[in-house]
Amino acid sequence: MKTLIREVIQLDQQARLEIEELKKEKEELFNSFKEMKADLKNQQLLELENQTKQLEVDAQILFEQRLVQYQEKNAIREANIVKQYEANKDVWLKELMDFILGEDN
């Protein structure tokens, strides 16, 4: 009977030790999970930040390209206006003077 009681006590002690080990393992897994979660969150934030920076760079490049295109188109328009003015200024001036002086035909 005493042997049986000792065996039960030993089994109980072993079970308690195993339970403690399992609790420690559970805690370690939980801590590892928390660290992994924090790492993933930081990686995602970093990736989002990098993507945002790249979008800003891309937007700036696109803006500069469009600005250059606009300036080129504007320069062409201005050159065409100057060319048209130079080609027609004498006729327009004569027509204006004729109108002012009442020599309209």
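List of remarks:
- R0 of 35 Å, Cβ-Cβ distance I5-N31: FRET efficiency to nearest 0.05: 0.35
- For segment 1-101, the spherically averaged projection of the C-alpha convex hull amounts to 11.5 nm².
- For the chain, adding -39500 (n - 2.57) for each run of n ≥ 4 DSSP H residues and dividing by the number of residues yields -36500 deg cm²/dmol at 222 nm.
- The chain: angle of helix 2-101 to the longest principal axis, Cα-based, in degrees nearest 10: 0
- Projected label distance in nm at E20 and E86, using a 7 Å step from Cα toward the beta-carbon: 9.9
- Debye, to nearest 20: dipole size of segment 41-89, +1 on Lys, Arg Cβ, -1 on Asp, Glu Cβ: 280
- Among W92, L29, I19 the positive-end extreme of the charge dipole of the chain (Cβ point charges): I19
- Surface share of carbon and sulfur [accessible, 1.4 angstrom probe, percent] for the chain: 58
- Added length on full extension, which subtracts the Cα-Cα distance from 0.36 nm per residue, L45 to Q60: 3.2 nm
- Estimated distance in nm for a label pair at E78 and F99, the labels positioned 7 Å out from Cα along Cα-to-Cβ: 2.7
The values are calculated or read from the model by the stated rules, or taken from the named source; none is laboratory data. Since this is a predicted model, take the numbers as computed values, not measurements. Cβ atoms come from the backbone with ideal geometry, glycine included; neighbour counts cover every protein chain shown. SASA here: full protein model, heavy atoms, side chains in, ligands and nucleic acids out. Shrake-Rupley method; radii C 1.70, N 1.55, O 1.52, S 1.80 Å.
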